[in-house]
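Below: one structure, written as C-alpha cells.
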Amino acid sequence: MTQTLPTIQAVCFDLDGLMFNTEEVFYVSADVLLQRRGMRMSRGAMDAMLGRRPLESLTAFRDYMGLNEEPADLLAESRVIFHEMLIDQLKPMPGLFELLDLIESKNMPKGVATSSPRDYLNDIFGRFDLAPRFPIQLTAESVTQGKPNPEIYLKAAEHLGVRPENMLVLEDSETGTRAAAAAGAFIVSVPHEHTAGHDFSQSKYIASGLNDPFILKILSQV
C-alpha cells in the first residue's frame, strides 16, 4: 500500500462482527428460526441483513426468504434465540483488547457506532466491562437514518471532536464501509467469514484482523 496516510486523531469501532463474534452467533440463531419454518439460513439472507438497524435487517431477511410474517414478530423471536445462544458462544474478536490498550496508551479518543439498539450494546459491553472504555457510544437510536447512510459516522466525528478524514473507522461489512466512506472517514475494513465476499472497494485497506500490522502501523504514528 503506497497511499499517503492521514494523521489519525480518533478511532471509531463498529460492534457486531468487528469487536465480537455476534454475526456468527446471529447466523446460527437465524438458522434455528428458519428451521422452525422448514427452511435453512443462507449466505444471501445474511448479506441482506448485515450492517442494518434491527427492524430494517429483519425486513430485508423477511423479504429475501419470502416469509409472510411481520418483521417485528420475526425480530422478537430471533432476539430470544440469539440471547440464549450468547451465554455460551459470545467471544471477543482476536486482538480486540490489545488494540484498545494501544489506543488508550496514545490517549486517543475512541467511540463505537453501531446499528444495534442501546439495550443490546449495554448488554454486550456489560459482559466485558467495556462501557467505561468507550465514552462515545452511538446506537440505532442516535440517528434518523441507518447505515449505509453516513449520519452515524458524521455524528461520531463530531462527538469525538475530529474531522472525519482524521477518524479511523473499523468496519466488518459492506454496509458499514459504505457509511464510513460516505462520511469521509479513513475506513479500514476487517472482514470475517460472513462478510469475506462483500464489496470493500471503498475501503482504504482490507485488514486480516484487529491485530493487522497496518492498523498497528497507522496508530503507531500518532
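Scanning the stretch 187-199 for residues that are crowded, with 23+ Cβ neighbours inside 10 Å and at pLDDT 95 or above returns Ile187, Val188, Ser189, Val190. Residues in the stretch 107-123 that are part of a helix (DSSP H, G or I), surrounded by fewer than 19 Cβ atoms within 10 Å (Cβ to Cβ) and either in contact with a Cys (Cβ under 9 Å, 6 or more places away or on another chain) or of a type outside the set (Asp, Glu) (or both): Arg118, Asn122. Of all residues in the stretch 172-201, those that are touching a residue at least 40 places away in the same chain (Cβ under 8 Å), among the hydrophobic types (A, V, I, L, M, F, W, C), in a loop (DSSP other than H, G, I, E, B) and over 14 Å from Pro148 (Cα atoms) total 1. Scanning the stretch 124-137 for residues that are in a helix (DSSP H, G or I) and without any contact (Cβ under 8 Å) to a residue 24 or more places away in the chain turns up Phe125, Gly126, Ala131, Pro132.
Of the set (1) surrounded by fewer than 18 Cβ atoms within 10 Å (Cβ to Cβ); (2) under 18 Å from Gly17 (Cβ atoms), all apply to Gly126 but (2). Screening Glu171 against (1) under 26 Å from Tyr27 (Cα atoms); (2) surrounded by fewer than 18 Cβ atoms within 10 Å (Cβ to Cβ) leaves a single unmet condition, (2). If the condition is being of a type in the set (A, V, I, L, M) and not in a helix (DSSP H, G or I), then the stretch 138-155 contributes Leu138, Val143. Any idea which residue in the stretch 186-205 is nearest to Arg163 (Cα to Cα), counting only those that are of a type in the set (A, V, I, L, M, F, W, C) and within 15 Å of the chain's Cα centre (by Cα)? Per the stated criteria, the residue is Ile187. Restricting attention to the stretch 107-116 and to residues that are modelled with pLDDT of 95 or more and not hydrophobic (A, V, I, L, M, F, W, C), the residue that is farthest from Cys12 (Cα to Cα) turns out to be Asn107. If only residues of the stretch 135-158 that are loosely packed, with under 15 Cβ neighbours inside 10 Å and more than 21 Å from Leu50 (Cβ to Cβ) are counted, the one that is modelled with the lowest pLDDT is Pro135. Here are the criteria: (1) touching a residue at least 40 places away in the same chain (Cβ under 8 Å); (2) not in a loop (DSSP other than H, G, I, E, B). Tell me which single one Glu158 does not satisfy. (1) is the only condition that Glu158 fails.
The values are calculated or read from the model by the stated rules, or taken from the named source; none is laboratory data. Computed from a predicted structure; not experimentally measured. Here Cβ is always computed from backbone atoms with ideal geometry, including for glycine, and neighbour counts include all displayed protein chains.
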